[in-house]
Amino acid sequence: SDCHTDFHKGKFGNDCQKCHVTSDFNLVNKTAFDHSKTNYALAGMHASVECSKCHGNNLSSKPAHDYCNSCHKDFHKGQFKKNDRLIDCAECHTVQGFSQSLFTIEKHAKTKFELIGSHLAATCKTCHKTGEDWNFKLDSSKCVNCHMNIHKNEISQKFMGNSNCESCHNPESWSKVIFDHDKTEFKLIGIHKRTECSKCHLVIKSGEKNLLFSSLSTNCESCHKDIHLGQFGNENKTDCSKCHTSENWKPVKFDHASTRFPLDGAHRNVECRKCHKPEINNQRQFINYKIREIKCAACHSS
């Protein structure tokens, strides 16, 4: 100090040899220099960084260190700003490395999209990473941002406006569907109430599975095979409800009095099969209810 000006103004004492060597004053004895005595203690990954990376080759530079982006490039390209100022990296990261984020579930709950249900198990990159880029400022929180709309045009805007999957699904489990079928043109009554959705809506064709909703007809024949082979069809439609209810397939609503042959007398006690016998048509057996000729001889021998 008798010959040299104290560049550090007494901050590190008078013994320059604790840090420097006489062969070149720009060479620093790293094993002796205690960076913790400066305004920026080295911790984590910073402890292994070459001095010149921050201080320049002649170690004379005094880098700004109030914020991480004083030295580090903004990896997120301005996505995190508050009052037009970049939020410091220390809000989410530590000096141990940038791979582990401190952004907690509690912090996420304060955003426009709270993580609940199955979303809690999803990794950040599932929603926020596309290719090599991270996007934390999503355009919207719609389900279709992350999930493919497998229904396409099968569900109308009435039930899925703005591609809102929450009309039927919930984040707890995608398979648990809550939907009021009574709001459709086909109210569920009787056995239909206890039938699995897939029994009607899952259609397998040529080995390919498709979920049909809007394009699914409300005709009974859409799900049920017409065992009567069109005998009761009208304009290519069979209205099973004229005879049956949704409780079972018994023809409890059928009134023989409304046919061409009202039952009276002893006919009232005759079993149906005594008159309506099985026939074969195109290798399919069916019961003939449309008797062509109503004559006594058709059932009674002379």
Original post:
Tell me, what % of the accessible area of region 194-235 is carbon and sulfur with a 1.4 angstrom probe?
Top reply: 51
Subject >> Heavy-atom accessible area per residue - region 100-194, 1.4 Å, Å² >> reply: 80
**OP:** Quick one: among 92, 143, 127, which has the greatest mean-square fluctuation in a GNM of the chain with alpha-carbon springs under 10 angstrom?
**Re:** 92
Original post:
Where is the GNM fluctuation largest for the chain (alpha-carbon springs, 10 angstrom cutoff): 258, 215, 163?
Top reply: 258
Subject >> Farthest toward positive dipole pole in region 154-302 [+1 Lys/Arg, -1 Asp/Glu at C-beta], among 156, 190, 236 >> reply: 236
**OP:** Grab the Cα-Cα distance for residue 118 and residue 194, subtract it from 0.36 nm times how many residues apart they are, and report the gain in nm with one decimal.
**Re:** 24.6 nm
**OP:** Step through the residues of region 255-268 one at a time and calculate ³J(HN,Hα) from phi using the Karplus curve (6.51 cos²θ - 1.76 cosθ + 1.60, θ = phi - 60°), rounding each to whole Hz and writing x for Gly and Pro.
**Re:** 10, 5, 5, 8, 9, 6, 10, x, 8, 9, x, 5, 4, 4
Subject >> Electrostatic dipole magnitude of region 147-302 [Cβ: Lys, Arg +1; Asp, Glu -1; Cα centre; debye, to 20] >> reply: 540
Subject >> Vicinal HN-Hα couplings computed from phi for region 165-173 (Karplus, 6.51 cos²θ - 1.76 cosθ + 1.60; Hz; Gly/Pro x) >> reply: 5, 5, 4, 10, 9, 9, x, 5, 7
Subject >> region 26-71-region 171-185 distance, computed between alpha-carbon centres (Å) >> reply: 60
Original post:
Which sequence of 286, 261 reflects their accessible areas, 1.4 Å probe, from the largest down?
Top reply: 261, 286
Original post:
So which of 250/277; 110/176; 30/53; 225/277; 183/225 end up more than 22 Å apart by C-alpha?
Top reply: 110/176; 183/225
Original post:
Which one, (1) 54, 42, 38; (2) 146, 37, 28; (3) 74, 44, 27, gives Cα extents along the principal axes in Å as derived from the coordinates shown?
Top reply: (2)
Original post:
Applying the Karplus parametrisation 6.51 cos²θ - 1.76 cosθ + 1.60 with θ = phi - 60° to the phi angles of region 67-73, what ³J(HN,Hα) value in whole Hz is obtained for each residue in order, glycine and proline being reported as x?
Top reply: 10, 4, 6, 5, 10, 9, 5
Subject >> Highest-MSF residue in the chain out of 121, 90, 257 [GNM, Cα springs under 10 Å] >> reply: 257
**OP:** For region 206-300, state which GluC sites (Glu not before Pro) are in a DSSP loop and have at most 14 other beta carbons lying within 10 Å of their beta carbon.
**Re:** 235, 247, 271, 293
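The values are calculated or read from the model by the stated rules, or taken from the named source; none is laboratory data. Predicted model, so just to flag it, every value in this text is computed and none were measured. Please note: Cβ atoms are built from the backbone with ideal geometry, for glycine as well, and neighbour counts cover all protein chains shown. Side chains are part of the model used for accessible areas, which takes the heavy atoms of the whole protein and leaves out ligands, DNA and RNA. Shrake-Rupley method; radii C 1.70, N 1.55, O 1.52, S 1.80 Å.
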